[in-house]
Structure formats: structure tokens, C-alpha cells
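This report refers to the structure that appears directly beneath it.
The values are calculated or read from the model by the stated rules, or taken from the named source; none is laboratory data. Predicted, not measured: the structure shown is a model, and the values here were computed from it. Here the Cβ positions follow ideal geometry from the backbone for every residue, glycine too, while neighbour counts run over all protein chains shown.
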Amino acid sequence: MIMIANFQYGWSVFVLPLEKAHGWAIADIQIAFTIFVALETWGTPINGWIADRLGPRVGPRSVMGVGGLLIAIGWIAPRALVR
């Protein structure tokens with residue numbers, strides 16, 4: 001949650017640029033945001049279960065590390081795909 005909350009809190013920054021760049025309706029963009037929030041919150045118990053299964057020494061670091069990697073990909077990939 002900590003790693004991807006920046007998308008949730010910064011969402012308002014992305015709405016108008018997405019609308020202008022692609023011509024998408026704001027309501028459609030908000031549906032994407034709703035799906036994101038739902039998947040973000042529903043995945044949290046799974047992340048906790050994985051961290052618990054890996055153990056207290058390895059689990060939290062591994063889950064946070066993978067989360068950080070996925071966030072980095074999420075921030076970099078759209079820019080790389082546009083070029």
C-alpha cells in the first residue's frame with residue numbers, strides 16, 4: 001500500500017492530461033481509477049499472507065522489494081511505450 005499510494009493520492013494530477021492526450025471521457029478515466037483502488041485494496045491481504053509465509057526475516061523485505069520494482073516499472077513503462 002505504501003508503495004502504490006502515490007498513484008492514489010496523485011490521481012487528480014493525471015486526469016486532465018489523460019483526457020487531453022487521448023480524448024478519453026473523464027468518466028472513463030475515473031472507472032480506471034475505481035478499478036485501481038479496488039485491486040489495490042483487495043491485494044493487500046494476499047501480500048500480507050505472502051510475507052507471513054516467507055517468514056519475518058525475509059517476507060516483509062521481499063514483498064516491499066517486489067512492490068517497489070513493480071512501481072518503478074509502472075512509472076517508467078508508460079513513458080517508454082509512448083516514445
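Just a yes or no: is a residue in the stretch 3-25 at pLDDT 85 or above, among the polar types (S, T, N, Q) and exposed (fewer than 12 other Cβ atoms within 10 Å of the Cβ)?
no
Residue 44 - would you say it is modelled with pLDDT under 85 and either in a helix (DSSP H, G or I) or among the hydrophobic types (A, V, I, L, M, F, W, C) (or both)?
Judged against the criteria, residue 44 is a match.
Scanning for something within 17 Å of the chain's Cα centre (by Cα), surrounded by 13 or more Cβ atoms within 10 Å (Cβ to Cβ) and part of a helix (DSSP H, G or I), does the stretch 49-60 turn up at least one residue?
No: zero hits.
Pairs only if they're at least six apart or on different chains, beta carbon under 7 angstrom, first in the stretch 7-18 and closer than 20 Å to residue 70 by Cβ, second assigned to a helix (DSSP H, G or I) and at pLDDT below 85; list them, first residue then second.
Once the first residue is closer than 20 Å to residue 70 by Cβ and sits in the stretch 7-18, its partners that are assigned to a helix (DSSP H, G or I) and at pLDDT below 85 give 7/36; 8/37; 8/40.
Do we find that residue 21 is closer than 19 Å to residue 5 by Cβ and small (Gly, Ala, Ser) in this structure?
Against the criterion (closer than 19 Å to residue 5 by Cβ and small (Gly, Ala, Ser)), residue 21 does not qualify.
Residue 37 versus (1) among the aliphatic types (A, V, I, L, M); (2) loosely packed, with under 11 Cβ neighbours inside 10 Å; (3) modelled with pLDDT under 90: which is the lone unmet condition?
For residue 37, the failing item is (2).
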